[in-house]
Amino acid sequence: MTNVILLVLIAVAIFVAAAFLYVSRIISLPPEGRAVDYLNSKLKNNQRVIACIGDSLTHGNIGQSWVDYLRKGFPNDVFLNEGINGNTVWQVIQRVDPILACKPDIVILMIGSNDAMGSFNEKSGLRYKRNNNLPEAPSFEKYKEQLTDLLDRLGDISKVAICTIPPLGETKDSLANQHVKKFNEFIKLISRINNIDLLPVSDSLWLDIDSRTYPLEKDYNPNGIQLMKRIFGGIFHHYIFKKSWNQIAKSKGQWILFDQIHLNETGANIVFKIVKNYISKG
């Protein structure tokens, strides 16, 4: 009997290890259809090139991809997915040259969630600096400087739209979302200063959160271990057990953020509709 239990435990351990390696590989892959892919392709058919720039919320393999929705909705356009998991605005600046080389007709920019998470408290800042090889810990002041620099780099593109960033957790008056609000207020300000279009992602997501039909279970927790548990727990259920992001969110008492950070199908569809309406205007 003891040998049977031992064999079962070994089998479970092997399964968990294999599953972890499998999902880790999935989320380590870059998004399909990046700027470098477009530059290396031979097919330039006078299609509109639309660059979607951001972090994991744009990358779309941790949670639902709104860029994939756009590709299905606009099959005659080229969508560059330039969302990279974990990126701060500083990291986007470091990789903007290939995007500019594609000469996009439209840029959709949604960046700042990792800057907000990384500047929420000292521990988060040190973790982001270490894990992302940043020159310094993220801060709101640095975000303002770096977002200004990024928009300057995008200055020659005829149509640039910047999105407000989604909430952290689904409690509107939480300390985390008070912190996010500072970032969104600056995004609104700089869009006016630079005369670029503002896409109200945050407001639209909150409107939908207000329609939730079941109670919220937990608030955003910035602890690194808890973050990884929520993210990898959701990833396991999606890629191993084939649950939808909506199902995962509901099982955790969340409405649009399956792990309090990343978008489920409902949240991604809201972003898609906002961007769709914008690019439909030409």
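For the reader, a short list of remarks on this structure follows.
- Hey, Gln178 within 18 Å of the chain's Cα centre (by Cα) and either at pLDDT below 95 or on the phi < 0 side of the Ramachandran plot (or both) or not: no
- Leading residue by the ranking (farthest from Lys250 (Cα to Cα)) among those in the stretch 187-226 that are hydrophobic (A, V, I, L, M, F, W, C) and surrounded by fewer than 18 Cβ atoms within 10 Å (Cβ to Cβ): Ile193
- Which numbered condition Thr171 fails, given (1) of a type in the set (Val, Ile, Thr); (2) over 25 Å from Ser24 (Cα atoms); (3) surrounded by fewer than 14 Cβ atoms within 10 Å (Cβ to Cβ): (3)
- Phe140 being more than 22 Å from Val275 (Cα to Cα) and surrounded by fewer than 18 Cβ atoms within 10 Å (Cβ to Cβ): yes
- Test for Phe232: is it assigned to a helix (DSSP H, G or I), at pLDDT below 95 and out of contact with any Gly (no Cβ under 9 Å at 6 or more places or on another chain): yes
- Checking each residue in the stretch 210-229 for being of a type in the set (A, V, I, L, M, F, W, C) and either touching a helix residue (DSSP H, G or I) at 6+ places or on another chain (Cβ under 6 Å) or not in a loop (DSSP other than H, G, I, E, B) (or both) picks out Ile225, Leu227, Met228.
- Being surrounded by fewer than 18 Cβ atoms within 10 Å (Cβ to Cβ) and either at pLDDT below 95 or assigned to a loop (DSSP other than H, G, I, E, B) (or both) holds for only one residue in Asn87, Asn61, Asn133, and it is Asn133.
- Annotation: of all residues in the stretch 64-84 being of a type in the set (A, V, I, L, M) and in a helix (DSSP H, G or I), the one that is surrounded by the most Cβ atoms within 10 Å (Cβ to Cβ) is Val67.
- Members of the stretch 259-282 that are open to solvent by 40 Å² or more (accessible area, probe 1.4 Å) and either within 11 Å of Ser204 (Cβ to Cβ) or hydrophobic (A, V, I, L, M, F, W, C) (or both): Asn269, Lys273, Asn277
- Residues of the stretch 174-209 classified as part of a loop (DSSP other than H, G, I, E, B), of a type outside the set (A, V, I, L, M, F, W, C) and within 16 Å of Lys159 (Cα to Cα), total: 2
- Ile99 assigned to a helix (DSSP H, G or I), in contact (Cβ under 8 Å) with a residue 60 or more places away in the chain and open to solvent by 10 Å² or more (accessible area, probe 1.4 Å): no
- Residues located in the stretch 235-258, provided they are surrounded by 20 or more Cβ atoms within 10 Å (Cβ to Cβ) and without any contact (Cβ under 8 Å) to a residue 60 or more places away in the chain: His238, Ile248, Ala249
The values are calculated or read from the model by the stated rules, or taken from the named source; none is laboratory data. These numbers come from a predicted model, not from an experiment. When we count neighbours, we look across all protein chains shown, and the Cβ atoms used for this are built from the backbone with ideal geometry, even at glycine. Surface areas here come from the heavy atoms of the whole protein model, side chains and all, with no ligands, DNA or RNA. Shrake-Rupley method; radii C 1.70, N 1.55, O 1.52, S 1.80 Å.
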